[in-house]
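K.L.:
The structure that follows is given in the form of structure tokens.
The values are calculated or read from the model by the stated rules, or taken from the named source; none is laboratory data. For clarity, every value in this text was computed on a predicted model and none was experimentally measured. So basically every Cβ, Gly included, is an ideal-geometry build from the backbone, and we count neighbours across all protein chains shown.
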Amino acid sequence: MVEFLSQAWPWYVSGPAIAIIMFLLLWVGGTFGVSSTLRTACSIGGAGKHISYFNFDWKNQIWNLVFVGGAVLGGWIASNFLDSNQVLGLSESTIADLAKLNINFDGGLAPEQIFNWSSLLTIKGFLVLVVGGFLVGFGARWAGGCTSGHAITGLSNLQIPSLIAVIGFFIGGLIMTFLIYPIIF
Amino acid sequence: MKYIKFIILGIIFGIIMTKSEAVSWYRIQEMFRFQSFHMYGIIGSALAVGVILIQLITRKQIKNIEGNAIQLADKNFSISRYLFGGIIFGLGWALSGACPGPMFTLLGNGFSVFIVVIGSAILGTFTYGLLKDKLPH
């Protein structure tokens, strides 16, 4: 069983499984939307005293923080108990494209050469880790949701605003990948 | 322990996201370069099942475990907020290779520096709150 689960999961198992998580979250009285927890974090930190956007009763959102805490635990369990030491099945063409940008494919989930503490002191590392995170947080709230809220829940509920948001996600992602990456890396 | 169900769902979600490699910075690059079907397969099959489940909820008026009908509010229509916000989000998604769910999952996977990414995302959220009234919605 553990061996079976430790293989890389194919898309046709993972995708439906994510949809079922969305359904179960609704069923137990929540919703599937991870970026809302970032707003809750601001509220807990006292931002509501000065900015009305953060002035709400964050105690009603504890369930989502618990869910996100579970996601951290899930990652820990997967890497410690369900790891087959398999190399990520990245396509050859992506490996070649990234090599041209001096990013080596190391077989893990994310390139260690960027995702480490000392890289924070480099321009590239600062852009990826700090600016990248900032844009995700800013954009998610402006758009009213992230991948879970718009691309999965919103599109499943046939919401046109979510479709516009997802089109935006891709416009931004393509600009970053094809126009800005060659400048940064 | 009303929260135990949420932590269990979160754990399963974290495992799915890790084992599907959807948390991978490399996979996000592969997706934006259209070099594999993998991420499109995940999102596409999630949607195929998701649409059916949401239809089921609304048509059969399925109740949640507290006995209330599950409500999914329609989103207010606008183009600018979703398009501009979406573009900013997409720029960050391709740069950091992680949307909010994967940020937390990768932290559990041992990439401790994601604390900084999450902190920056919270700062981005705070800045949005600060500038909200000046942005088109």
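Yes or no, residue by residue, for (1) of a type in the set (S, T, N, Q); (2) buried (at least 20 other Cβ atoms within 10 Å of the Cβ); (3) in contact with a helix residue (DSSP H, G or I) (Cβ under 6 Å, 6 or more places away or on another chain); (4) within 7 Å of chain B (Cβ to nearest Cβ):
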| residue | (1), (2), (3), (4) |
| --- | --- |
| A:GLN7 | yes, no, no, no |
| A:SER14 | yes, yes, yes, yes |
| A:GLY33 | no, yes, yes, no |
| A:CYS42 | no, yes, yes, yes |
| A:ILE51 | no, no, yes, yes |
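K.L.:
On to the next question. Going residue by residue through the stretch B:86-107, is there one that turns out to be facing chain A (nearest Cβ under 7 Å), in a loop (DSSP other than H, G, I, E, B) and under 26 Å from A:TRP142 (Cβ atoms)?
P.N.:
Scanning the stretch B:86-107 turns up at least one residue that is facing chain A (nearest Cβ under 7 Å), in a loop (DSSP other than H, G, I, E, B) and under 26 Å from A:TRP142 (Cβ atoms).
K.L.:
Please find, within the stretch A:53-62, the residue that is surrounded by the most Cβ atoms within 10 Å (Cβ to Cβ) out of those that are touching a Lys or Arg at 6+ places or on another chain (Cβ under 8 Å) and either charged (D, E, K, R) or at the interface with another protein chain (Cβ under 7 Å from one of its Cβ atoms) (or both).
P.N.:
A:PHE54
K.L.:
Would you please name the residue that is farthest from B:ALA121 (Cα to Cα), looking only at residues in the stretch A:140-152 that are buried (at least 24 other Cβ atoms within 10 Å of the Cβ) and over 13 Å from the mean Cα position of the chain (by Cα)?
P.N.:
So, considering only residues that are buried (at least 24 other Cβ atoms within 10 Å of the Cβ) and over 13 Å from the mean Cα position of the chain (by Cα), the one farthest from B:ALA121 (Cα to Cα) is A:ALA143.
K.L.:
Can you confirm whether B:ILE115 is more than 7 Å from chain A (Cβ to nearest Cβ), outside any loop (DSSP other than H, G, I, E, B) and modelled with pLDDT of 95 or more?
P.N.:
Yes.
K.L.:
Based on this model, can you work out whether B:GLY41 counts as within 20 Å of A:ASN64 (Cα to Cα) and surrounded by fewer than 19 Cβ atoms within 10 Å (Cβ to Cβ)?
P.N.:
For B:GLY41, the condition - within 20 Å of A:ASN64 (Cα to Cα) and surrounded by fewer than 19 Cβ atoms within 10 Å (Cβ to Cβ) - is not met.
K.L.:
Which of the residues belonging to the stretch B:9-40 are within 7 Å of chain A (Cβ to nearest Cβ) and over 16 Å from the mean Cα position of the chain (by Cα)?
P.N.:
If the condition is that a residue be within 7 Å of chain A (Cβ to nearest Cβ) and over 16 Å from the mean Cα position of the chain (by Cα), then B:LYS19, B:TYR26, B:GLN29, B:GLU30, B:PHE32, B:ARG33, B:GLN35, B:SER36, B:HIS38 are the ones that fit.
K.L.:
Is there a residue in the stretch A:21-28 that is surrounded by fewer than 16 Cβ atoms within 10 Å (Cβ to Cβ) and over 23 Å from B:ASN109 (Cα atoms)?
P.N.:
No.
K.L.:
Failed condition for A:LEU90, given (1) free of Cβ contacts under 8 Å to residues at least 40 places away in the same chain; (2) part of a loop (DSSP other than H, G, I, E, B); (3) out of contact with any Gly (no Cβ under 6 Å at 6 or more places or on another chain); (4) more than 7 Å from chain B (Cβ to nearest Cβ), with all others met?
P.N.:
(4)
K.L.:
Restricting attention to helices (runs of 4 or more DSSP H) lying wholly within the stretch B:1-60, give those where 1 or more residues are charged (D, E, K, R) and more than 29 Å from A:GLN113 (Cα to Cα). So that I can check it myself, show each step before the final result.
P.N.:
Working: elements: B:4-19, B:25-32, B:38-60.
Helices (runs of 4 or more DSSP H) meeting the threshold: B:4-19, B:38-60.
K.L.:
For the stretch B:49-85, give me the residue count where each residue is more than 7 Å from every other protein chain (Cβ to nearest Cβ) and either buried (at least 19 other Cβ atoms within 10 Å of the Cβ) or of a type in the set (A, V, I, L, M, F, W, C) (or both).
P.N.:
Qualifying residue count, the stretch B:49-85: 5.
K.L.:
Kindly provide the set of residues from the stretch A:138-185 that are under 25 Å from A:LEU120 (Cα atoms), in a helix (DSSP H, G or I) and either more than 7 Å from chain B (Cβ to nearest Cβ) or touching a Pro at 6+ places or on another chain (Cβ under 8 Å) (or both), ordered by number.
P.N.:
Result: A:ALA140, A:PHE178, A:LEU179, A:ILE180, A:TYR181, A:PRO182, A:ILE183, A:ILE184.
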